[in-house]
Structure formats: C-alpha cells, structure tokens
Amino acid sequence: MAPTPWPLAKVSRARHARAEIDLPPPTPLWRRVFKHPLLMHHNRLIVGVLTANLALLWFSLGAGGWWARDGIALTSLANAALGNFALAILIRQQHVINLLFWLATRAPTRWPLRVRWTLAKVYHFGGLHVGGALSGTLWFLAFVAAMTYHAVKDLGGVGAGTITVSYLLVGLLVAIVVMALPPIRAVWHDNFERMHRFGGWAALLLFWLQTALFVTDQQGRASSIAALLTSPGIWVLAVLTVSVALPWLRLRKVAVDIERPSSHVALARFDYGVTPFAGSSTAISRSPLLEWHSFANVPAPGKSGYRLTISRAGDWTGSFIDDAPTHVWVKGVPTAGVANIETLFRRVVYVATGSGIGPCLPHLLAAEVPARLVWSTRSPRATYGDALVDEILKAEPGAIIWDTSTHGKPDMVHLAHAAYWSFEAEAVICISNKKLTWQVVHGLERRGIPAYGAIWDS
C-alpha cells in the first residue's frame, strides 16, 4: 500500500491562518513585566525560600536569641541548615514530583482561568530545590563558623573531629553549588551531573558522620545512643537517605528493541512489565553510575510497554542511534512532566519541533483533553517514518505539520497563536529546544495567553 500523501493542505491552511490572524497586542506593562523569564515562577520560588530564611535569620538575631558572646545556639543553626537541605532533596524525589502534579491538576476546569493558569506552573517546583540548597549551604557556613567560634573561645560542646568533618562538608557543598551555576553547568554538564551524584552521596555520608559526632559532643549527661535516637537531625537524615536510595532500589537492566527510521532518530520500544502514564518520562543509561538521560514515555492505549523517541542531539544520543544497544538500564518510577498540566484546560494546543513530538504524542493518543497539534520538523516522513506520521494524523486529523525542508522555518509564535485562536484553546504547551520554547512561551504570555514549556532547571 502506498504511504499516505503528505498533508500539504494543512500547511496551506496554516499559512492562510497566519496571514489572517494577527497577534494580539502585549498586555499592559504592569501585567507584562511578571511574564518576563527573569520573573518566572521558578525564580519567584527561589526568592520566596530565600526570603523565608531571611525572616528566620531576623528572628534568630532578635527574639530567637541564637547569638551571644557566651555561646551560640549551634543546634538551631544545624536544624536550619538541615531543614533547607531536606526541602532541596525531597522536592526532587520522583514520588513527591508525581504528588505535586496530581495535587495541582485536581482543580476542575470550571475554576477561573487565572487560577488554573497559575496552578499549571507546578513544574517550576525546581525553584524550591535551588532556594533550599542555597539557603542550606549558607546556614551550614554560619553553623561551621559558630562551631569554630566555640572551639576558639573554649566554650565547649564541639570536638575536633566534628569541626574537621564540617570543614570537609563545607568544601564539598561549595563545589556542588559552584558546579550548579547555570553558566558552568551549561558548559560542563556531564561534570555537573557527576558532581551532583557522587558529591551528593558523599555529602550525605559526611552529614551522617558530622551529625553523629555533633550530637555526641552536645549530649551532656545523656547516653550517646539515647541522644542519637532523640535527635531530629538523625531522623531527617534517615528520611533523606531513603528518598535518595529509592530510585536506585528499582535499578534494572532491561531489553530494548530499537527501530531507526533514519540516521537522525531511534524509536526505542520497551516491554518489561511497566506501562507508564501519558505525560511521564523515564531515565535510561548505558553506564548507570556515570550518565542518565530522560525521555518522554509514549505508551499506546490498550498496549503494554512504551516507546521513547530519541533524536540525535549530542554524543550520547548519536552513539545510541549509531550503535544501538540491546539492553539499557532504567531506575525509579515514571515521573510526571510539564504536559501533564493539560487536564487543567478545556482545550489545548501542542507546539512541537523535531523530536518534541515524543512528549506530545502520548497525550494525543490518550485524548483526555481536546488538542490541536502544530509540529515543525524537517522531512517528517523521511526522518520519523511513515508509521509514526500516520499514527499522529490518525490521532489528530487536524494537525498542522510544517515541513521545514520544503517551506523553511515558520514563525512559531504566530503559528501557535493562529492554532490557539482557531481551535478556541485555553492554553499552549510548547515542546522544543530552549531558545524556541522561551520564544513561544514568552511571546504568548506577554500577550495574555497561558503558555508552558520546559525550563531546563535540572
């Protein structure tokens, strides 16, 4: 059977819509300024956490009475540091992430759009991670400085072993924070990942040792065992250790069947007893201790297993396509991604470029929310294969598929708005590279249109 002809008519309609539907003017400055990327919810959460910690610092300097010449409230400083680190770690836990998305998407579509617009920003939760990590590091620096003061003034309650381990922790925490700075992370991303993984594990072990030593130093007349068992810090560390270990307890090596419709794309199929929910992602690896890469799961309704769409975007993906493995490692549980917010809206538009079709496809197949697809890509049938393109068109017959090899690159903001307007949608979800995602999301939000896309915060 001959393949379905390429739907050029859809491109023609898109061009017509683009010509007929003008972009609305920007909203007033007082509203538009809060849609700027610098003031996105991720950054607001960072500021919120830092502000809360500044309030705690103000309390500690005043009514809290944490600071005095004859002694500093070391335990209070330690608890402030550990509490912030707990926030930073737990907010990244897969089960916590899934819970956050579940809670945020409980709002019915009859609620005011303004409320649902804000709830859909749930995927900015990484701001809590950054704010907690920064605040925790600063509190820990204050804690170590206070312990040093106690040791120098011979105020007691601090042993040499505790101080030694604490200074090792300071160096490690500072190194982790420095490697996580956006300019450094962007250039040395692999080193950033390894520092976060191995440095994080080392920091957790050192925190156990440091906390045990500190509690023992502070125990007074109580026995060491009793002091440890009644220390809040020990129990917080126990929870954090379980949180970090959970994904690794589900580490397994699984078979993968790879189809390569072109030298640019690999379609990886898995069926090892897990059928993830639409809008989730799975991390896979060929070297589990060194490198992990997350991809959107594409489950098919009524079928077990799932697919991943992997396009050539670097050394690792290039090697995966050229030297296809028979088995890969997976860990943890399927984790909710940005497109899960679709259920907060009555109708949505998905905007994708290239392999961004992967995260959109499961939602089109599941059809929980009426959706219109705008997909811009190079030679879609030659790149992704007839079967995938036909599957997309069957799930979304009204899809606008723009072949950039034939028609050049479109104005995605204008194209997205045209689809949003003609489909009477309430929101636009963009899955693309960083530059274009920001262009679409910011370009629409500053005009009063709810728009969402990845923020590359991990």
Handout entry: On Cα atoms only, tilt of 41-61 relative to the major axis of the chain in degrees
Key = 10
Problem - Size of the range 308-390 as Cα extents on the principal axes (Å, biggest first) - result: 43, 35, 21
Problem - Furthest towards positive pole of dipole, Thr148, Val122, Ala81, structure part the range 45-155, Cβ charges - result: Val122
Exercise for the section: Would you work out the charge dipole size for the range 252-336 about its Cα centre, treating the Cβ of every Lys and Arg as +1 and the Cβ of every Asp and Glu as -1, and quote it to the nearest 20 debye? Expected result: 240
Handout entry: Estimated distance in nm for a label pair at Ser379 and Asp190, the labels positioned 7 Å out from Cα along Cα-to-Cβ
Key = 2.9
Exercise for the section: Name the shape class, rounded, prolate or oblate, that the alpha-carbon gyration tensor gives for the range 36-249, where a ≥ b ≥ c are the square roots of its eigenvalues, rounded holds for a/c under 1.5, and otherwise prolate holds if a/b is larger than b/c and oblate otherwise. Expected result: prolate
Exercise for the section: Quick one: dipole size for the chain, taken about the Cα centre, charges +1 on Lys/Arg Cβ and -1 on Asp/Glu Cβ, in debye to the nearest 20. Expected result: 780
Handout entry: the range 321-329 - phi-based ³J(HN,Hα) in whole Hz, Karplus 6.51/-1.76/1.60, Gly and Pro as x
Key = 6, 6, 10, 4, x, 9, 9, 9, 9
Fill in the blank from the handout: As straight-line cross-link partners of Lys394, the qualifying lysines (C-alpha separation under 20 Å, not fewer than 8 residues apart within one chain) are Lys10, Lys303
Practice task
Treating the angle as unsigned and between 0 and 90°, give the value, to the nearest 10°, between the Cα long axis of helix 412-422 and the longest Cα principal axis of the chain.
Solution key: 70
Completion exercise
Under the Karplus relation with 6.51, -1.76 and 1.60 and θ = phi - 60°, whole-Hz ³J(HN,Hα) for the range 181-191, x at Gly and Pro, equal 4, x, x, 6, 4, 5, 7, 10, 5, 4, 5
Handout entry: Electrostatic dipole magnitude of the range 36-249 [Cβ: Lys, Arg +1; Asp, Glu -1; Cα centre; debye, to 20]
Key = 860
Exercise for the section: Considering the options Cys430, Thr109, Pro380, tell which one lies farthest towards the positive end of the dipole of the chain, charges being +1 on Lys and Arg and -1 on Asp and Glu at the Cβ, about the Cα centre. Expected result: Thr109
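When the expected Rg is taken as 2.2 N^0.38 Å, what fraction or multiple of it is the alpha-carbon Rg of the chain?
The value comes to 1.13.
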Fill in the blank from the handout: Stretched fully, the stretch from Ala324 through Val170 gains (0.36 nm per residue minus C-alpha distance, one decimal, in nm) 51.2 nm
Handout entry: Highest average packing first - 287-294, 336-343, Cβ atoms within 10 Å
Key = 336-343, 287-294
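If packing is taken as the average number of other Cβ atoms within 10 Å across a peptide's residues, how do 446-452, 54-60 rank, most packed first? Let's see the in-between values first.
Values: 446-452: 21.7, 54-60: 14.0.
My ranking of the peptides, most packed first, is 446-452, 54-60.
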Completion exercise
Two pseudo-spin positions, 7 Å from Cα along C-beta at Ala300 and at His36, lie apart in nanometres by 4.9
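Readers should treat all values here as calculations from the given coordinates under stated rules, not as data from a laboratory. This structure is a prediction, so every number in the text was calculated from the model and none was measured. Every residue, glycine among them, receives a Cβ derived from its backbone with ideal geometry; neighbour counts consider all protein chains shown.
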